[in-house]
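Undergrad: Pasting a structure here, questions to come.
The values are calculated or read from the model by the stated rules, or taken from the named source; none is laboratory data. As the structure is a computational prediction, the values presented were derived from the model and not from experiment. Ideal geometry is used to build each Cβ from the backbone, glycine not excepted, and the neighbour counts take in all protein chains shown. Remember, those area values only see protein heavy atoms, side chains included, never the ligands or the DNA or RNA. Shrake-Rupley method; radii C 1.70, N 1.55, O 1.52, S 1.80 Å.
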Number of protein chains: 2
Amino acid sequence: MSVNNAMTADFLRSAYGGESMAHMRYLIWGDVADKEGMPNIGRLFRAIAYAEYAHADNHFKVLDDQKGDYTVAAGAVFGVGTTVENLQGGIDGELHEIEQMYPVYLETARFQNEKGAERAFHYALEAEKIHAKLFQDAQDMARQGKDMDIGTIYVCPICGHTVAEHLPEKCPVCGAKQEMYKDFPA
Amino acid sequence: MSVNNAMTADFLRSAYGGESMAHMRYLIWGDVADKEGMPNIGRLFRAIAYAEYAHADNHFKVLDDQKGDYTVAAGAVFGVGTTVENLQGGIDGELHEIEQMYPVYLETARFQNEKGAERAFHYALEAEKIHAKLFQDAQDMARQGKDMDIGTIYVCPICGHTVAEHLPEKCPVCGAKQEMYKDFPA
Ligand SMILES: [Fe+2]
Ligand SMILES: [Fe+2]
Ligand SMILES: [Fe+2]
Ligand SMILES: [Fe+2]
Ligand SMILES: [Fe+2]
Ligand SMILES: [Fe+2]
């Protein structure tokens, strides 16, 4: 893969930075959930961290021939609070990506006819919609002082599609086979 | 932990961004090394990725009460090449941190009397010196078309201290006990 236009390349670098930081803070917030006695919410954070890894990996690889040092400007959520607060951070970050960041990046990739970037942004956007919903479900439980009631969580390593309990025959976003999904068992 | 000064807080956020992106690209470059038939270099990349996770975790936690959204500007190396090229990217990134970034951040934390940030920057700086050396050793072998000859790699989860084969009684940087080290066996 590769990219020809500077604006799309900038957006890929920014998205790579944002996904890398999201991956990291979800691992940190997962530990907090474990310590608060919510291991299923901890596991949800780790599964979604893995999906963000897949997104970062896609963005990085579309940039594979852009070798060298760059200063990357990327959005990130900060703060270590309670699990209810951390889940709000997760929801806020995902909603920004769903409503603002990825729609603009995707529109730009289409406008500049950047096929690799278009696919990478599309994959991420579709996964983030699910992530926002899962974090909201988790927060509804955590507000009641309860852990989430959720079975095995599956993540597509190609596009980051995230699904609980019922594994599809193939990934509805990228078409990857069922057996490729990475599982996060209870 | 917490931080009172805006400049130190900015540097912590930038370092968090840089460490998160380094973590991610080392995982990606580790896969490349595996595919090139250099599993020990692949393992070195993964061990060092874990050390960068420890650094990102420290920076994020010093910022624990700085809740909310920020735009983070952070340096990162891009490109997916051969393992020799990827190791050069690793060396370049580590040397920038050793010679420029962390000395300035550390000096600022001391100047602003920010104890938590001072510790987090000190831990990272000490580990990066070892990382640059290990990547250089790996590249010397990879240039000859050979894998690295290296036993178990151990990483301190507190400060990211990275050592091959001979585990110290306690971490020479942060004092953590031997049994806390995470191992990456051959
Ligand atoms: Fe993502
Ligand atoms: Fe997400
Ligand atoms: Fe998929
Ligand atoms: Fe580091
Ligand atoms: Fe390093
Ligand atoms: Fe240590």
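Undergrad: Quickly estimate the mean residue ellipticity at 222 nm for chain A, helices only: each DSSP H run with n ≥ 4 gives -39500 (n - 2.57), and the total goes over all residues, rounded to 500.
TA: One gets -20000 deg cm²/dmol as the mean residue ellipticity at 222 nm.
Undergrad: Then there is this: Could I get the Rg over Rh figure for the range A:52-180? Both from C-alpha atoms, Rh via Kirkwood, rounded to two places.
TA: Reported Rg/Rh (Cα atoms, Kirkwood Rh): 1.00.
Undergrad: What figure in square angstrom, to the nearest 10, would you give for the accessible area of B:K182 with a 1.4 Å probe?
TA: 90 Å²
Undergrad: When the C-alpha atoms of the range B:1-92 are aligned to their principal axes, what extent does each axis show, in angstrom, from largest down?
TA: Cα extents, longest axis first: 48, 20, 20 Å.
Undergrad: Shifting gears a bit: Give the interface area between chains A and B as buried accessible surface, both sides summed, probe 1.4 Å, in Å² to the nearest 100.
TA: Protein heavy atoms only, the A-B interface buries about 3200 Å².
Undergrad: Express in whole angstrom the spacing between the alpha-carbon centres of the range A:87-161 and the range B:115-186.
TA: 34 Å
Undergrad: Output the relative contact order of chain B, whole-number percent, from Cα pairs under 8 angstrom with separation of 6+ residues.
TA: 25 percent.
Undergrad: Give the ranking of A:C159, B:C174 by solvent-accessible surface, highest area first, calculated with a 1.4 Å probe.
TA: So, going from the largest accessible area down, we get B:C174, A:C159.
Undergrad: Heads up, I need the accessible area for A:V155: 1.4 angstrom probe, whole protein in place, Å², nearest 10.
TA: The value for A:V155 is about 0 Å².
Undergrad: What average count of beta carbons from other chains do you get within 10 Å of the Cβ of residues in A:79-90?
TA: Across the residues of A:79-90, the mean count of other-chain Cβ atoms within 10 Å is 2.
Undergrad: Still on this structure, I have one more. Counting other Cβ atoms within 10 Å of each Cβ, which chymotrypsin sites (Phe, Trp or Tyr not before Pro) in the range B:94-182 have at most 10 and sit in a DSSP loop?
TA: none
Undergrad: What number comes out for accessible area per residue over chain B if the probe is 1.4 Å? Units Å², please.
TA: Solvent-accessible surface per residue comes out at 41 Å².
Undergrad: Please compute the modelled spin-label separation between B:A73 and B:K177, points set 7 Å along Cα→Cβ, answer in nm with one decimal.
TA: 4.5 nm
Undergrad: For peptide B:17-30, how many partner chain Cβ atoms fall within 10 Å of a residue's Cβ, on average?
TA: 6
Undergrad: Could you list the GluC sites (Glu not before Pro) in the range B:81-186 that lie in coil according to DSSP, counting only those with at most 14 other Cβ atoms within 10 Å of their Cβ?
TA: Passing both the DSSP loop test and the Cβ count: B:E165, B:E169.
Undergrad: If you don't mind, another one. Out of all Cα-Cα pairs in the protein assembly as shown, roughly what percent, to the nearest whole number, are more than 32 Å apart?
TA: The answer is 30 percent, as a whole percent.
Undergrad: Which entries of A:K61/B:K61; A:K129/B:K182; A:K67/A:K170; B:K35/B:K133; B:K115/B:K170 show an alpha-carbon separation above 27 angstrom in the structure shown?
TA: A:K61/B:K61; A:K129/B:K182; A:K67/A:K170
Undergrad: Considering only protein heavy atoms and a probe of 1.4 Å, how much of the accessible area of chain B is carbon and sulfur, as a whole percent?
TA: Carbon with sulfur: 50 percent of the solvent-accessible area.
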